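Chemist: Quick one: the structure is below, and I'll ask about it shortly.
The values are calculated or read from the model by the stated rules, or taken from the named source; none is laboratory data. Remember, it's a predicted structure, so these values are computed and weren't measured experimentally. Note: ideal-geometry Cβ built from the backbone for every residue, glycine included; neighbour counts use all protein chains shown.
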Amino acid sequence: MEAPSTVRSTDICCNALQERAQSVAALAANTAVDVDAASRFPAEAFAAVKQQRLLGIMVRTELGGEGCGIADVVDVCYALSQACASTGMIYAMHQIKVACVSRHMRDNPVLARMLRRLCSEQLLLASSTTEGQSGGNVRSSEAPVEYRDGRINLERRASVISYGAYADGIVTTARRSADALGSDQVLVAFLKSDYTLTPLQGWNTLGMRGTCSEGYTLKASGVAGQIVPDPYEIIHAQTMVPFAHLLWGSVWTGIAASATARAQAFIRQAMRTGNGQLPPGAPQFTKALSSLRTLRGMLATSLRNYERNMDDPKALASLEFQSMITLTKVEASELATSIVMSALRACGLSGYRADGDFTIGRHLRDVLSAPIMINNDRILANLAATSLLTPIPASLRD
């Protein structure tokens, strides 16, 4: 008599999702060098993402999605980013916007139809949260939503809209109205037929070149139902920041893991050709591997904390949670950068070269975006006063 199976249906679904993500990652790895060199959108990878129907996995099942959780999306981002950092980051930014709309749409029929289309047609959403003089201050908007003849209109000079020219829709912040304060914001979802993009500046950068994060003047028109019902202040604290910091962190961890794997391969080859002798950089590989474990553990802890509290508005608004999730971004970005540097030092000249199987150049250039993507110094300065009110834990069990 066979023992009853202990495999849960959720485990089977998770395994299938990982297989789909790995299928895309294998293709993305083949084009990552060219995507970086040409600073081009990873079109092949996202054709595969759409073929594997990965864009709507977080949308609830009644709207045509798969009802996956944030942990599932974190794993997909991690897998994609080991192959191509730009592919992983674009996927992460898309899912952040999906989360913001789906978690705060209430019973809005316009947004429900939009999510159904996203799932059935595998639409890719871009994000527009920075503009004009406010730069990286996403909690302040200059351009207001204007109401005319029963429709809404918006014109904003967006300093960055990542992969904007390749997206099927844009989710953007805006001032609630012409007489509202900059901090009184709403989130609005537009599909491609609703807007035009006029280029403002290009994207010729050190790393993350395939994200094509150019600047545009965005001119959009739609109906009032395209405004997400909850105020952006709530969306920002409960969904935008936690999803962004956890998904970005998974991307940076993927980059670090890929660099560490290259360092490991280099050390093994050096030992095979050197009669078992460890190369000089071997201690740096050990350091990279140990730090990678620390990074993965830190992200896993923050993820569990968010999953535990994500449906509790009071807990999400607490000083303790907001400090923790905000510092997750700082810690993940700094640690990932350190890991890639250790991997580079482990490989020595072979890692420093721009060619060869052990080059770490692309990984380093991509991960260097992490501390300046919402600048860590800005984050730490904003948290300075808050940190003074945070109690020091009395026990290691807390």
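Chemist: Write out, first by first residue and then by second, each pair whose Cβ atoms fall under 8 Å of each other, whose residues are 6+ apart or on separate chains, and whose first residue, in region 114-134, is at positive phi while the second is surrounded by 21 or more Cβ atoms within 10 Å (Cβ to Cβ) and assigned to a helix (DSSP H, G or I).
Modeler: Gln122/Val49
Chemist: While we're looking at this one, here's another question. Within the group Leu80, Leu54, which residue is crowded, with 24+ Cβ neighbours inside 10 Å and in a loop (DSSP other than H, G, I, E, B)?
Modeler: Result: Leu54 is the single residue among Leu80, Leu54 that is crowded, with 24+ Cβ neighbours inside 10 Å and in a loop (DSSP other than H, G, I, E, B).
Chemist: In addition: Would you check which residues across region 129-168 are of a type in the set (Asp, Glu) and in a loop (DSSP other than H, G, I, E, B) and list them?
Modeler: Glu131, Glu142, Asp149, Asp168
Chemist: Can you name the residue in region 352-392 that is without any contact (Cβ under 8 Å) to a residue 12 or more places away in the chain and among the acidic types (Asp, Glu) and is also nearest to Ser128 (Cα to Cα) among such residues?
Modeler: It comes out as Asp377.
Chemist: Going by the structure shown, is Arg345 touching a residue at least 12 places away in the same chain (Cβ under 8 Å), touching a helix residue (DSSP H, G or I) at 6+ places or on another chain (Cβ under 7 Å) and farther than 24 Å from Thr301 by Cα?
Modeler: Yes, satisfied.
Chemist: Restricting the search to region 356-398, which residues are in a helix (DSSP H, G or I), within 20 Å of Ile325 (Cβ to Cβ) and not aliphatic (A, V, I, L, M)? Step through it out loud before you land on a result.
Modeler: Going residue by residue through region 356-398, those that are in a helix (DSSP H, G or I) are 361-367, 370-372, 376-388.
Going one step further and asking which of them are within 20 Å of Ile325 (Cβ to Cβ), we end up with 370-372, 376-388.
Answer for region 356-398, where residues must be in a helix (DSSP H, G or I), within 20 Å of Ile325 (Cβ to Cβ) and not aliphatic (A, V, I, L, M): Pro371, Asn376, Asp377, Arg378, Asn382, Thr386, Ser387.
Chemist: Here is a further query. Has region 84-97 got any residue that is free of Cβ contacts under 8 Å to residues at least 60 places away in the same chain, over 13 Å from the mean Cα position of the chain (by Cα) and not assigned by TED's automatic domain parsing to the domain that holds Thr301?
Modeler: no
Chemist: (1) under 30 Å from Asn204 (Cα atoms); (2) outside any helix (DSSP H, G or I): which one isn't true of Gly65, the others all being true?
Modeler: If we test Gly65 against (1) under 30 Å from Asn204 (Cα atoms); (2) outside any helix (DSSP H, G or I), just (1) comes out false.
Chemist: How many residues are touching a helix residue (DSSP H, G or I) at 6+ places or on another chain (Cβ under 6 Å) and within 25 Å of Phe266 (Cα to Cα) when one looks only at region 357-373?
Modeler: So in region 357-373, the residues touching a helix residue (DSSP H, G or I) at 6+ places or on another chain (Cβ under 6 Å) come out as 358, 360, 362-364, 366-367, 370-371.
Restricting the remaining residues to those that are within 25 Å of Phe266 (Cα to Cα) gives 358, 360, 362-364, 366-367.
Residues flagged as touching a helix residue (DSSP H, G or I) at 6+ places or on another chain (Cβ under 6 Å) and within 25 Å of Phe266 (Cα to Cα) within region 357-373 amount to 7.
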